Amino acid sequence: MPTPDAPDFIETYEDILRAGPGMMRLVGEQDSDWDAFIIACHYDPNLDAIKEITEKPVVGMGEASMITASMLGHRFSIITTDAHSIPIHEERVRKYHLYDMLASVRAPEEGALNPSETERFYRLSRLAIEQDMAEVIVLGCAGMAGLDKHLQSKLGAPVVDGIVCALLLAEGFVRYRISTSKVRRYQGR
């Protein structure tokens, strides 16, 4: 569900901050209606704050996709939509202690003429595998959802859709009846 008063697309640190109040309000209003929450932006905006304000499992698609990728191959590359997002993706990889497994973060060149978005992401993924030695491709934007199986069949390597990864983890946590620890880092309410 869209976040009230948030930008349509999260592209900057300012966007992440602007999305925070609406995200917290949504979780507060919906907490009794849902078994878990998913942050459907690869930057995982405000993930820590949301984990802190609910007793329910909270999974960020960025975190879920990178952890999944780390289990499927030796190194992974993130394919994203814009070059300006590369530093934010790299910062998130560091936060999740996966930087040693990161082969690259690739984005389309400005004004690159390609037949389609899908073809552009395929070419970036192919370069990540051939030049950066990636074994797994991570789709670094919720807007890329649904491209995973198409790209995977063309690449012959695992392609990870963060939305799917987050859903699988959230469902698993709910079935296992486990959630975020409130012992130290996340204090809860």
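The values are calculated or read from the model by the stated rules, or taken from the named source; none is laboratory data. Keep in mind it's a predicted model, so treat the numbers as computed, not measured. As a convention, Cβ positions derive from the backbone with ideal geometry for all residues, glycine included, and neighbour counts pool all protein chains shown.
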In region 1-113, which strands (runs of 3 or more DSSP E) lie fully inside it and hold 3 or more residues that are touching a strand residue (DSSP E or B) at 6+ places or on another chain (Cβ under 7 Å) and of a type in the set (Lys, Arg)?
-> none
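Between LEU151, LEU98, LEU124, which is modelled with pLDDT of 95 or more and under 17 Å from the mean Cα position of the chain (by Cα)? Quick ask: steps written out before the conclusion?
Details: LEU151 fails: under 17 Å from the mean Cα position of the chain (by Cα); LEU124 fails: under 17 Å from the mean Cα position of the chain (by Cα).
Just one listed residue meets the conditions, LEU98.
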Mind checking whether some residue in region 159-174 is part of a loop (DSSP other than H, G, I, E, B) and touching a residue at least 40 places away in the same chain (Cβ under 8 Å)?
-> no
For residues in region 126-163 being touching a strand residue (DSSP E or B) at 6+ places or on another chain (Cβ under 8 Å) and among the acidic types (Asp, Glu), which is farthest from VAL58 (Cα to Cα)?
-> ASP132
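SER179 - would you say it is over 21 Å from LEU102 (Cα atoms) and among the small types (Gly, Ala, Ser)?
For SER179, the condition - over 21 Å from LEU102 (Cα atoms) and among the small types (Gly, Ala, Ser) - is met.
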